[in-house]
Amino acid sequence: MIIGILAISIAFIAGLISTASYGIYHKERDERLLRLANLFFYVAGGVILFSTILLSYSLMTHNFQLNYVYSYSSRSLNKFYLFSTLWAGQEGTFLLWLLYGSIFGTILIRTVARKHPLVMVFMMMIQSFILLILLNKNPFAAIWHVHEEAPVGFTPVDGAGLNPLLQNPWMVIHPPTLFLGYSSTMVLFAFAMTALVTKEFQNWIKLVKPWVIFSTIILITGISMGGYWAYTTLGWGGYWAWDPVENASLVPWLFCVALLHGIVIQSKRKTLVRTNILLAGAAFISVLWGSFLTRSGVLTDFSVHSFAASGLTMYLIAFVGLFTVLFLYPFIRNTKHFMIEKFSSGFMNRETLMLMGMATFIVLGLIVLVGTSAPIYTSFFGKASSVSAGFYNITSIPVAALMLVAVSLAPLMAWKVSELRNKKTIIRSALIAFGITLISFLLGLREISSIILFFLAAFVIIINGIVTYGLIRRNFSKASGYIAHVGLGFMVIGILTSSIYDSSDKIILPSGEFRKSKLGYEMQFTGFHEMPDGKDEAMLTVKTDYGTYEARPKFYYSDYSKSYMATPDVNEQFMKDIYISPISFTPANLSNMQEIQLAKAETATLDNIKITFNKFIVNMGEEGQTIHADLIFSVNQNSYWQDYQVQPTLKAQGGQLTRDQAKVGDTGYSVQIQSVNPSSGTVQLGIISPAAGAGKSRDMLAVEVSEKPLISILWIGIILLVFGMATTFIGHRKSIE
Amino acid sequence: MKPKYIIGLVIIVAFIVFAGMNLKKSLTPYVSLSDAKRTGAVVQVKGQRVPGTEEFNMDDQVFHFEMTDEKGEKFKVVYDGVKPSNFEQATEVVAIGRYDNGIFQAEQLLVKCPSKYEAEGVKT
């Protein structure tokens with residue numbers, strides 16, 4: 001679509017002009033230049049908005065001439081999911097990033113751009129680079145631009161469709177949320193760069209703080225939505241798999257959390273100047289590195305999730321490389337210009353413990369970065385290798401322990417002076433935490449590392465809970481950070497109980513019969529319930545100690561993936577979730593059908609049955625022809641031949657054949673007409689014998705049922721964490737006003 | 001140097017050693033089947049599935065199938081888990097696990113699927 005391609009080009013040029021104008025304004029401070037720069041910023045922003053609307057419109061109106069529309073949508077999608085295909089592909093997510101960038105830019109113009117135009121220089125530099133990528137992977141490219149075999153002007157009848165796994169409400173809001181978080185890190189980068197260029201290392205943190213809080217909140221919200229989607233949709237039972245795509249979203253968040261605490265320390269104590277600049281840069285560059293890892297296709301072999309190879313590799317490498325150099329060069333050159341107050345001495349002051357907490361977040365970020373990048377650097381030394389999930393699970397244990405120690409003690413300590421304060425609170429809290437841990441031990445908490453982490457997490461919750469309680473009546477917004485800490489404690493407990501103490505059992509359910517699983521539930525499969533969207537549900541009745549419920553896991557054939565897809569049923573309760581995931585379905589066994597051919601009055605003998613074909617009875621009706629085969633079916637029962645007269649039918653109607661099976665009394669046998677041959681007068685019969693095992697003649701559903709103890713605690717923890725940070729954000733906004 | 005920094009440094013160095021050891025241990029290289037047989041270690045074998053061999057065994061409750069590695073050597077894979085939902089569509093399968101007693105015991109299966117339009121081309 002030429003207008004769309006033109007729009008991206010205009011936005012790119014406007015972006016460059018705007019970047020340059022802000023740069024010159026920074027030097028000259030000529031008001032006209034600022035107006036010019038703003039004008040071109042708004043031109044770029046307006047064109048980006050127009051492009052987004054144009055692409056949405058093309059998607060909604062099924063303009064399959066566009067490769068993007070063809071590749072990710074289809075006519076059968078409902079409006080809701082159809083709109084979500086706007087961010088189903090790479091081009092769309094870049095466009096979304098640009099749109100967010102324009103919104104952030106608008107806010108920056110209204111707040112800091114006049115005084116600090118360099119922030120806008122770096123913002124627009126990044127925006128322009130993304131526009132350059134989009135020029136090469138244009139969302140408005142026609143299908144014949146991408147597929148050589150397609151003739152010019154060709155419009156496919158229907159699109160390729162959207163992966164059914166993505167047709168889920170969480171998947172509609174998860175990617176745009178995560179991309180909001182990703183793109184917001186460029187504001188942090190722009191502020192850090194401005195600080196480096198202008199050598200103002202104290203002032204910037206006040207301006208950047210709300211943005212850091214914003215990025216932190218949005219990233220964790222997006223990550224959690226993805227985890228919840230995986231848990232409730234993918235059916236493997238977990239919410240986190242240390243997959244490259246997940247890891248790539250986690251690292252910037254970890255750096256943002258560290259930066260947020262670094263800013264608090266710097267605003268109180270004027271230290272950590274370098275660390276904070278570095279963290280702001282790292283948050284953004286880790287986003288770029290993550291995009292390179294997951295979008296360029298370098299990890300294609302190592303991740304289920306990653307986008308397929310895209311031909312963008314060079315641009316993405318340039319993206320990371322360029323901005324890393326752009327950041328590191330002034331950073332290293334400026335080392336001696338940093339004015340740094342000495343860090344306080346002693347352990348038991350707030351800043352030391354906070355720094356320890358920060359360090360654990362940074363270290364965790366580095367672990368994930370090193371682990372996820374393993375296929376890149378190992379390929380230099382030999383065979384490319386990826387890291388198994390065990391690496392992250394093991395290494396994060398000691399880091400988490402240190403993190404919890406820091407988070408529990410820091411809130412009680414004073415700034416600057418090293419003195420172990422509030423000893424009474426510490427001892428009492430430790431005793432309560434110990435008591436709770438002891439109860440959990442009696443309930444089955446065994447592993448030493450989880451006992452330690454559990455104790456520390458309880459300790460964090462109690463101390464931060466006490467601090468929150470003390471503050472909440474006086475100044476609610478000051479309590480917000482501690483609420484987030486309580487959330488962190490709950491998250492750790494939820495992760496421990498749900499991952500280490502989950503138990504599962506696979507069970508086969510013959511239709512209609514109650515079977516007891518090893519976990520103690522009695523389950524009955526009764527059949528499938530057809531759904532209008534084609535995602536049929538298996539109907540299960542589950543009897544537990546505290547009542548019976550109906551489980552409805554989805555199990556359906558998907559044309560998109562040419563295979564069966566399963567979506568689990570999750571019965572969410574406070575103490576535990578019961579998670580039922582279909583594995584396999586075997587329809588009643590019809591494969592033990594034997595075929596025989598019989599002429600009139602002929603008798604065939606199989607193992608213990610005899611069949612005699614008497615005659616055809618043919619009815620001609622208005623609706624078509626019906627052929628009955630009149631048979632004598634003898635079954636040997638305890639050496640006694642029992643005769644049954646049966647008449648299977650074959651209906652021919654408008655070229656369509658329908659076979660009606662005839663049951664042979666209650667012997668379990670049935671018979672159907674496969675075909676008739678009018679010229680020779682023979683009939684081809686299919687004889688279905690009762691299966692050897694009684695169960696085999698019934699539909700059978702195999703399911704995996706598992707228990708996830710206290711996973712609700714994890715979700716509660718996340719909600720508290722986000723709630724706490726959100727009130728920080730609001731509190732911060734108020735303090736500025 | 002203040003004792004604080006020394007303690008901090010010791011913790012960091014100890015941790016780097018700890019993390020490095022674990023990293024080395026958990027690296028799973030891409031190998032051919034013959035390497036997998038030889039080492040018996042946890043590895044990743046990339047290859048093609050043999051269509052029609054996949055089956056969920058109702059009795060021992062495992063999913064098994066056959067695949068061929070990149071050198072064309074055929075082998076049996078057993079996976080004690082739920083079959084990946086897009087398995088039949090896979091152009092490539094990566095089995096992560098170890099070779100033991102004539103069977104590849106997979107801990108994890110990665111399935112590479114073509115995006116649909118790549119697979120079928122544009123329907124004209």
>> Counting only other chains, and only Cβ atoms inside 10 Å, what mean value do you get across the residues of A:365-375?
In response: 2
> Which value, in debye to the nearest 20, gives the size of the charge dipole of the stretch A:33-182 about its Cα centre, when Lys and Arg are +1 and Asp and Glu are -1 at the Cβ?
Replying inline: 720
>> Strictly greater than 18 Å: what percent of every Cα pair in the stretch B:9-112 meets that?
In response: 50
> In debye, nearest 20: dipole of the protein assembly as shown around its Cα centre with unit charges on the Cβ of K, R (+) and D, E (-)?
Replying inline: 5020
> the stretch A:464-546: which chymotrypsin sites (Phe, Trp or Tyr not before Pro) are DSSP loop and have at most 15 other beta-carbon atoms within 10 angstrom?
Replying inline: A:546
> Quick one: net charge of residue B:80's neighbours, Cβ under 12 Å, K/R +1, D/E -1?
Replying inline: -1
> So how do B:83, A:137 line up by other beta-carbon neighbours within 10 Å, fewest first?
Replying inline: A:137, B:83
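Loop-only trypsin sites (Lys or Arg not before Pro) in the stretch A:468-565, please: DSSP not H, G, I, E or B, and at most 10 other Cβ atoms within 10 Å.
Answer in residue order: A:473, A:474.
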> Can you list the aspartates and glutamates whose alpha carbon sits under 14 Å from that of residue B:83, skipping same-chain ones fewer than 8 residues off?
Replying inline: A:704, B:54, B:55, B:66, B:107
>> A 18 angstrom limit on the alpha carbon distance is what I want to check against. Which of A:478/B:4; A:342/A:416; A:554/A:576; A:199/A:336 exceed it?
In response: A:478/B:4; A:554/A:576
> What are the GluC sites (Glu not before Pro) within the stretch B:1-74 that DSSP puts in a loop, where the Cβ has at most 15 other Cβ atoms within 10 Å?
Replying inline: B:70, B:73
> Going through the DSSP H helices of chain A, which span 20 Å or more along their own axis at the Cα atoms while scoring at least 1.6 as a mean Kyte-Doolittle hydropathy?
Replying inline: A:117-136, A:313-333, A:350-372, A:389-409, A:448-472
> What is the ratio of the Cα radius of gyration of chain A to 2.2 N^0.38 Å, where N is its residue count, to two decimals?
Replying inline: 1.23
>> Report the per residue volume, in Å³, of the convex hull enclosing the C-alpha atoms of the stretch A:1-153.
In response: 94
>> Ignoring everything except DSSP H segments at least 4 long, calculate the 222 nm mean residue ellipticity for the protein assembly as shown; use -39,500 (n - 2.57) per segment, divide by total residues, nearest 500.
In response: -17000 deg cm²/dmol
> Can you give the percent of C-alpha pairs in the stretch A:180-306 whose distance is more than 18 Å?
Replying inline: 55
>> What does the charge count around residue B:97 come to, taking other residues whose C-beta lies under 14 Å from its C-beta (Lys +1, Arg +1, Asp -1, Glu -1)?
In response: -1
> If you find the alpha carbon centre of the stretch A:640-670 and of the stretch A:532-573, how far apart are they in angstrom?
Replying inline: 34
> Out of every Cα pair in the stretch A:150-237, what percent are spaced more than 20 Å from each other?
Replying inline: 57
>> Using alpha carbons only, how many angstrom separate the centre of the stretch A:402-480 from the centre of the stretch A:235-280?
In response: 22
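Based on the alpha-carbon gyration tensor of the stretch A:492-626, what equivalent-ellipsoid semi-axes (square roots of 5 times the eigenvalues) come out, in whole Å, largest first?
On the way: eigenvalues 434, 76, 41 Å².
Values for the stretch A:492-626, descending: 47, 20, 14 Å.
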> Using bins 5 angstrom wide from zero, how does P(r) for the stretch A:455-556 break down, in % of all Cα pairs?
Replying inline: 2, 11, 13, 12, 9, 8, 8, 9, 10, 9, 5, 1, 0
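Computed from the coordinates by the stated procedures, all read-outs in this text should not be read as laboratory data. Values in this document were obtained by computation on a predicted structure and should not be read as measured data. All Cβ positions, even for glycine, are placed from backbone atoms using ideal geometry, and neighbour counts span all protein chains on display.
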